[in-house]
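The values are calculated or read from the model by the stated rules, or taken from the named source; none is laboratory data. Bear in mind the structure is a predicted one, so any value in this text is a computation, not a measurement. In this analysis, Cβ positions are derived from the backbone assuming ideal geometry, glycine residues included, and neighbour counts consider all displayed protein chains. Side chains included, ligands, DNA and RNA excluded: accessible areas come from the protein's heavy atoms. Shrake-Rupley method; radii C 1.70, N 1.55, O 1.52, S 1.80 Å.
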Amino acid sequence: MAIYEADVTGTFEEVLAYLSETIEQGSSTCSLEESSECQIGDTKIAIRAYERYSWLGDNRVSLHLTVASNVEQTHVTVIATGGSQGVIFKFNTIGEDNFLQTVVPAIQKIEK
């Protein structure tokens, strides 16, 4: 499992649109599998689950994007999972890291 978190600049809608587009354009096999949004008071939360084929691992890997924002700040969490082979130990986690790296540079551009 690979994870990246950051506080970023931009509104909820801007950050979500920018990162979603970056992820979807990062791989020809990437697809949005599920999504959810809710608002609790002034806080908006969006969760996106993406999948793509990992050529190195010959399997699918997933990427989960969470954007949480209130009037004052926006926080992003991205978690990549899957891409391992083995019953007891994880092997070939390169696919997870590669999927995560399709969005990390975009986050770093808007990171506070």
**Q.** Selection count, the range 52-83, where residues are part of a loop (DSSP other than H, G, I, E, B) and without any contact (Cβ under 8 Å) to a residue 60 or more places away in the chain
**A.** 8
Q: Search the range 10-29 for residues that are within 16 Å of Phe99 (Cβ to Cβ) and pair each with any residue that is open to solvent by 40 Å² or more (accessible area, probe 1.4 Å) and of a type outside the set (D, E, K, R) when their beta-carbon atoms are under 6 Å apart and the residues are at least 6 apart or on different chains.
A: Thr29/Tyr53
**Q.** Residue in the range 54-75 that is modelled with the lowest pLDDT, counting only those that are open to solvent by 60 Å² or more (accessible area, probe 1.4 Å) and more than 25 Å from Glu111 (Cα to Cα)
**A.** Leu56
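Here's the yes/no breakdown for (1) within 14 Å of Ser69 (Cα to Cα); (2) basic (Lys, Arg); (3) open to solvent by 70 Å² or more (accessible area, probe 1.4 Å):
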position	(1), (2), (3)
Val15	yes, no, no
Ile23	no, no, no
Gly26	no, no, no
Glu34	no, no, yes
Glu37	yes, no, yes
Asp42	yes, no, yes
Ala46	yes, no, no
Arg52	no, yes, no
